[in-house]
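Peer 1: Have a look at this one.
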Amino acid sequence: MTKIFPKKLQKGDEIRVISPSSSLTRTGKFEDKLKAKARLEALGYQVTFGQHILENDLLESSSINSRLADFHAAFLDPNVKAILCPLVALTLMNFSLISIGTL
């Protein structure tokens, strides 16, 4: 497997927060995520969240399709320069997107 080395982040770069393993609400209050977002923005980065990170079903999660959609969207978005994942499940992800993405 070829190693992929990302470019160093620059001020103004977009960091996308996704939660491919479960709903982001399982990792604590969303207000805490907003504090972390503010800290990263104070360093000069733009922070965005995946479309489905707050979805919750009866199992306190979002659907697999929603989580995969956020994963794929983050790697396909040319504006996203880094991805943060508080929880990760690797089994269903399309890793070929990582190698063709612009990160």
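Where a number appears in this text, it was derived from the coordinates with a stated rule and is not lab data. All values reported here derive from a predicted model rather than from experimental measurement. Glycine also receives a Cβ, built like all others from the backbone with ideal geometry; neighbour counts cover every protein chain displayed.
Peer 1: What residues have an amide H closer than 5 Å to that of Val47, excluding those fewer than 5 places away on the same chain, when H is modeled at 1.01 Å from N in the peptide plane?
Peer 2: Ile15
Peer 1: Starting with the highest mean, order 71-81, 11-21, 36-46 by the number of other Cβ atoms within 10 Å, averaged over the residues of each peptide.
Peer 2: Values: 71-81: 17.5, 11-21: 19.4, 36-46: 13.1.
Top to bottom by mean Cβ count within 10 Å: 11-21, 71-81, 36-46.
Peer 1: What are the lysines whose alpha-carbon lies under 28 Å from the alpha-carbon of Lys33, with same-chain residues fewer than 8 places away excluded?
Peer 2: Lys7, Lys8, Lys11, Lys81
Peer 1: Provide the FRET efficiency to the nearest 0.05 for the Ser63-Glu31 pair, computing r from the beta carbons and using R0 = 25 Å.
Peer 2: On the way: r = 24 Å, r/R0 = 0.98.
Here the calculated transfer efficiency is 0.55.
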